[in-house]
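What follows is a single structure, written as structure tokens, with notes after it.
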Amino acid sequence: MESALKLDVGRARPDLRFAYSRPGLVTFKSVDAIAVDDAPGSVFARVWGRSIGPARSPEDAVHQLALVGADRLHVYPRDPESVTDLAPWHAALGVGLPGVAAGPATDGELVADVIVSASADEPAWLGLHRQDANHVAAPGALIAVDVPADAPSRAYAKIEEAIAWAGLPVRTGDVALEIGAAPGGAVMALAKRGVEVFGVDTGELAPNVRAMKGVHHLPIKVGALRWEQLPKRVDWLLVDVNLAPQVALHEVGRLMPKLAPTLVGAVFTLKLNDVSFVAELPVLAQRIAGFGFQSVRMRHLPSNRKEVCAVAMMRQRA
Ligand SMILES: C[S@@+](CC[C@H](N)C(=O)[O-])C[C@H]1O[C@@H](n2cnc3c(N)ncnc32)[C@H](O)[C@@H]1O
């Protein structure tokens, strides 16, 4: 998604100039100093922070980071799909920066990022960011999801990542409606959490998902879905339909008057047919907010391909 990221940063942060990139790492130059709590310039950035620069060795990283006063240390591969040996970096930094813990960051902590290449010939890149609601707590924003072997689609990981990233208060006994539910990865994840799920899709749910407690299939197109077919209470709306976002949102708009009184929140997977589409993300966020949601946040999650996740909250839960 690097080209989408560059377009998005170009739109949202004209003060930044593209500088250097390797797969998984993109850097920009700025005339002004960048603060450690600089707000992410794109929904496609997994981690966003101020660059310190390259470190030629673990000892060099210790030397450079000893002075920055970090509370937390995040060591992670530049390219998560590569086989990267992090052990020498963890070992040297663990000894060289005593008291700077690894593991998920808590809000307000100053996090030192050590971005390691799979190739020993390439330096690691060092950066700093302040942990806040714009940053995923896990090192490298790599949200760990255990996808069961019998999950029928990667959407199992998508919904779990959305719940973890946005801290969604999904509870046993909740009711969810998913538009574009087949073959049922997300339905499975929610049913495992004790949620009753109504899946709208002309396609079939996988038999193992269909057989789960609290799973219902409405085998129709969303355009044919009538208010009377919806359950009395819907806490969560999921939209993961293979339709252009404006078309999908049009259908959602038709259902919203019925859903809004009980809805807690919604998770939209917005399909991006080509990267130029990033220019429309603010318009889509506004359109979603126009349904009466209090907040709309977007992010390209690790399991998203050419799509972006938008989480919208209708009301707070105690
Ligand atoms: C990416 S898949 C959904 C994956 C699913 N969320 C899961 O967890 O496995 C998109 C789905 O949208 C469905 N779809 C496309 N157009 C639709 C429409 N007009 N109404 C309902 N479903 C539709 C397709 O049949 C397809 O199953």
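Values in this text are rule-based calculations from the coordinates and carry no lab data. None of these values were measured; they are calculated from a predicted model. Virtual Cβ from ideal backbone geometry, glycine too; neighbours counted across all protein chains shown.
The table below gives the values:
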quantity	calculated
Residues located in segment 135-181, provided they are over 19 Å from the mean Cα position of the chain (by Cα), among the acidic types (Asp, Glu) and within 16 Å of the ligand (Cβ to nearest atom)	150
Within segment 234-250, considering residues that are touching a strand residue (DSSP E or B) at 6+ places or on another chain (Cβ under 6 Å) and within 11 Å of the ligand (Cβ to nearest atom), the one farthest from residue 272 (Cα to Cα)	238
In segment 103-141, the residues that are outside any strand (DSSP E or B) and within 20 Å of residue 27 (Cβ to Cβ)	117, 118, 119, 121, 122, 123, 134, 135, 136, 139, 140, 141
Residue within segment 207-229 that is under 25 Å from the mean Cα position of the chain (by Cα) and more than 15 Å from the ligand (Cβ to nearest atom) present	no
Residue that is away from the ligand (no atom under 12 Å from the Cβ), assigned to a strand (DSSP E or B) and surrounded by 14 or more Cβ atoms within 10 Å (Cβ to Cβ), where the choices are 266, 285	266
Those residues of segment 53-82 which are in contact with an Asp or Glu (Cβ under 9 Å, 6 or more places away or on another chain) and under 11 Å from residue 113 (Cβ atoms), in sequence order	70, 72, 73, 74, 75, 76, 78
Tally of residues being touching a residue at least 40 places away in the same chain (Cβ under 8 Å) and part of a strand (DSSP E or B) across segment 8-26	2
Failed item in (1) outside any strand (DSSP E or B); (2) in contact with a Phe, Trp or Tyr (Cβ under 7 Å, 6 or more places away or on another chain), with residue 310 passing the rest	(1)
Selection status of residue 58, more than 27 Å from the chain's Cα centre (by Cα), surrounded by 14 or more Cβ atoms within 10 Å (Cβ to Cβ) and of a type outside the set (Val, Ile, Thr)	yes
